[in-house]
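Here is the structure we will look at, set down as structure tokens.
The values are calculated or read from the model by the stated rules, or taken from the named source; none is laboratory data. If you're wondering where the values come from, they're calculated on a predicted model, not measured in any experiment. As a convention, Cβ positions derive from the backbone with ideal geometry for all residues, glycine included, and neighbour counts pool all protein chains shown.
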Ligand code: VG1
Ligand code: CO
């Protein structure tokens, strides 16, 4: 084996964001750029000598090229084994499943999730630790520190691995095992849910399922599990062949970008359940016929119905949600008498809670739900969870959600994104708003009294680590909230996210249009943060 030590110099922009390092493909194509980040990652870990690394990605442009480089660097750095999805493919939840199942030391996942793909679009890379979850902050901080001082990396000079053939190969002194990307994950899903009941539901002529894979990674997973194993009609999975540019689309499962599915679900004779996932398979959107379920409500409803699902029928230890996610799950946790945790945005903050069994279900408003079965959010898992609920309750999605609101009240919820605004304007807006916060407490805004106004800081109850600066929040006496934060996944300028929530218990007011129900809070937020005035944007880029 010829291991080369290559001299390099640092790049100053390799700080991992909410979910790894995401940049334009052209940035990753700079000489040594990917290699610097990979070597910095290996340097940040305890000895990798003799250990196993899982590698795979969402199949976007540059995926295979990156896999080859990572494998050669892993071999040069002393890993003894690599497990790689065939053709370099692994959905994010499947990668998490495989790291756990084969007791790997960690994994490298190549994805920029829902960001568009292709030669001029985005690429991303992140490291997951041995519990299968995203590296916690102390590791991402160490990776970043290494990227700032790196002066060499190691790589072996060998031919590329044949990624298309299942089986074992040698790469230098490292064994590379190419595996089917779907089977381990499919087996895990079958162990969690009542596949018999779901099969019976799907066999019923009055039930139709539509799953939009958005030309991204979940196509093969959806076809295998939903169509082949569970017997859904062929054609249930649409846009099911992964493409390196995701068909030129934006594989973000929301009402704006999953347009084909949304059109079908809001037409006459719509399917009973509609769902979509994102580029790397960790997000989900759930729709009933002419009905949209917010991700926050979805988490609350899953928690309230978990006793119907084989894997969770013994009870939940807790529920965890990210801070901007609506408080709907909190009400279920209260009723169940279980723990409820509020974490910063990003799945990495759920890892400790799951490992310590302080929570069973987790979720984020950004179309992400998951559980203790792995350490990532999981799109298809959420779809199967809903299918299992529907099989048990024999009601429509709308009926289930409406009943939930009657029992718990409704948390009206929306997120307004202002994408690609100049970074200096965005950060000034946040700085100025933060300065105003202390004076807001006790004041009246949108007919409500401000109870607290602060910059969210989280103390992990398991390891006591503190993550500060996690978003500005204004909370009212009636449970309403206005939250603002800057995205940590964008690749162009800054993305400002405005999250608005208000709670309604009056049975006569549970079916308002969301934007209308929240209009007073939306206006108050704009006046307070001067969003329109400072950004010059008359409307958000995306409303979810
Ligand atoms: C966004 C979401 C966050 C999610 C993250 C990664 O982060 O808001 O909830 O965990 O994307 O999801 P940000 O910093 O842009 O708000 V994924 O499916 O892109 O891995
Ligand atoms: Co994703």
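Computed values, structure above
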item	result
Wholly within region 202-313, strands (runs of 3 or more DSSP E) carrying at least 2 residues that are touching a residue at least 40 places away in the same chain (Cβ under 8 Å) and under 24 Å from residue 376 (Cβ atoms)	209-212, 273-277, 284-288
Unique residue being surrounded by 22 or more Cβ atoms within 10 Å (Cβ to Cβ), more than 16 Å from ligand 2 (Cβ to nearest atom) and at negative phi when the list is 396, 371	371
Test: residue 153 is on the phi < 0 side of the Ramachandran plot, within 16 Å of ligand 1 (Cβ to nearest atom), assigned by TED's automatic domain parsing to the domain that holds residue 87 and modelled with pLDDT of 95 or more	no
Which listed residue is out of contact with any helix residue (DSSP H, G or I) (no Cβ under 9 Å at 6 or more places or on another chain) and not assigned by TED's automatic domain parsing to the domain that holds residue 141, from 439, 467	439
Residues being more than 13 Å from ligand 1 (Cβ to nearest atom), in a loop (DSSP other than H, G, I, E, B) and either under 20 Å from residue 127 (Cβ atoms) or in contact with a helix residue (DSSP H, G or I) (Cβ under 6 Å, 6 or more places away or on another chain) (or both) - total across region 335-365	1
Count of residues meeting criterion [in a loop (DSSP other than H, G, I, E, B) and touching a residue at least 40 places away in the same chain (Cβ under 8 Å)] in region 131-164	13
Residue check for residue 290: within 20 Å of residue 226 (Cα to Cα) and more than 13 Å from ligand 2 (Cβ to nearest atom)	no
Selection within region 374-383 - outside any loop (DSSP other than H, G, I, E, B) and either away from ligand 1 (no atom under 13 Å from the Cβ) or surrounded by fewer than 24 Cβ atoms within 10 Å (Cβ to Cβ) (or both)	380, 381, 383
Residue selected from region 256-297 under the condition within 16 Å of ligand 1 (Cβ to nearest atom) and farther than 25 Å from residue 375 by Cα, by the criterion surrounded by the most Cβ atoms within 10 Å (Cβ to Cβ)	258
Subset of region 314-326 [part of a loop (DSSP other than H, G, I, E, B) and within 16 Å of ligand 1 (Cβ to nearest atom)]	323, 324, 325, 326
Unmet requirement for residue 243, which otherwise passes all of (1) more than 20 Å from residue 373 (Cβ to Cβ); (2) buried (at least 24 other Cβ atoms within 10 Å of the Cβ)	(2)
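This table checks each residue for (1) within 29 Å of the chain's Cα centre (by Cα); (2) under 30 Å from residue 123 (Cβ atoms).
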{"position": "494", "(1), (2)": "yes, yes"}
{"position": "505", "(1), (2)": "no, no"}
{"position": "519", "(1), (2)": "yes, no"}
{"position": "525", "(1), (2)": "yes, no"}
